[in-house]
Amino acid sequence: MTRIRTSRTAFALAGLLAAFAAVAAGHLTAAFTGPAASPVLAVGSTVIDLTPTPVKEWAIRQFGTADKLVLQASVLLLTLTVSAAAGLLARRRPPLATGILALLAALAGLAAASRPTAAPADLLPAGVALVVGVLTLRWLTRLARPTPASGNVSTASRRGFLLGAVGVTVASTLAAAAGQLRSGAEA
């Protein structure tokens with residue numbers, strides 16, 4: 001039972017970290033192509049545009065000047081939830097998990113392309129997010145799989161997954177921070 005739970009946890013974490021890496025890479029790329037094309041910002045702006053006026057007014061009344069922050073946090077929370085589910089699916093159906101991440105990246109690309117001032121380069125952050133997310137998910141799920149010989153997750157493979165997860169977390173945090181610094185420097 002512990003092995004199954006650990007395995008599920010590792011796969012869900014792989015999905016979460018793949019999304020984090022994708023969003024961070026997209027955000028860093030957008031810092032060079034145009035900050036509005038950052039996946040979370042593009043989707044958030046599109047959601048705001050599509051939201052009916054009474055709902056917008058309600059959000060402003062409820063959250064004041066933090067309404068956009070609450071929206072962006074909601075977009076991130078939904079993305080991470082879907083990505084954790086994709087990680088769990090990657091245990092038995094890797095192509096479906098990859099498809100889910102591709103769908104999320106495509107939605108970010110469509111949102112960026114739909115902005116009034118969109119340029120072709122605004123698709124690049126979503127493309128980078130797609131590649132980074134899929135590669136990260138594949139790598140971490142490979143590390144999370146039990147060794148074929150024993151069918152068990154060995155200490156070495158647990159250690160490899162943990163090191164990989166920490167590495168992805170650190171690299172993603174640095175990429176997101178660099179993107180934020182660069183975007184802030186240009187504002």
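Inside region 76-90, can you point out the residues that are modelled with pLDDT of 90 or more, touching a Leu at 6+ places or on another chain (Cβ under 8 Å) and in a helix (DSSP H, G or I)? Hits for region 76-90 are Val82, Ser83, Ala84, Ala86, Gly87, Leu89.
Among residues of region 101-126 that are in a loop (DSSP other than H, G, I, E, B), those with a beta-carbon under 9 Å from a residue that is surrounded by 16 or more Cβ atoms within 10 Å (Cβ to Cβ) and charged (D, E, K, R) at least six positions away or on a different chain give the pairs Arg115/Asp122. When Ala111 is tested against (1) more than 12 Å from the chain's Cα centre (by Cα); (2) open to solvent by 30 Å² or more (accessible area, probe 1.4 Å), just one condition goes unmet, and that condition is (2).
Does Val170 satisfy the condition of being modelled with pLDDT of 95 or more and exposed (fewer than 13 other Cβ atoms within 10 Å of the Cβ)? Judged against the criteria, Val170 is a match.
Let me confirm something: among Leu137, Leu96, which residue is assigned to a helix (DSSP H, G or I), modelled with pLDDT of 95 or more, among the hydrophobic types (A, V, I, L, M, F, W, C) and open to solvent by 60 Å² or more (accessible area, probe 1.4 Å)?
Going through Leu137, Leu96 in turn, just one is assigned to a helix (DSSP H, G or I), modelled with pLDDT of 95 or more, among the hydrophobic types (A, V, I, L, M, F, W, C) and open to solvent by 60 Å² or more (accessible area, probe 1.4 Å): Leu96.
The values are calculated or read from the model by the stated rules, or taken from the named source; none is laboratory data. Being a predicted model, the structure only gives us computed values, none of them experimental. Here Cβ is always computed from backbone atoms with ideal geometry, including for glycine, and neighbour counts include all displayed protein chains. Keep in mind that these areas ignore ligands, DNA and RNA; they rest on the heavy atoms of the full protein, side chains included. Shrake-Rupley method; radii C 1.70, N 1.55, O 1.52, S 1.80 Å.
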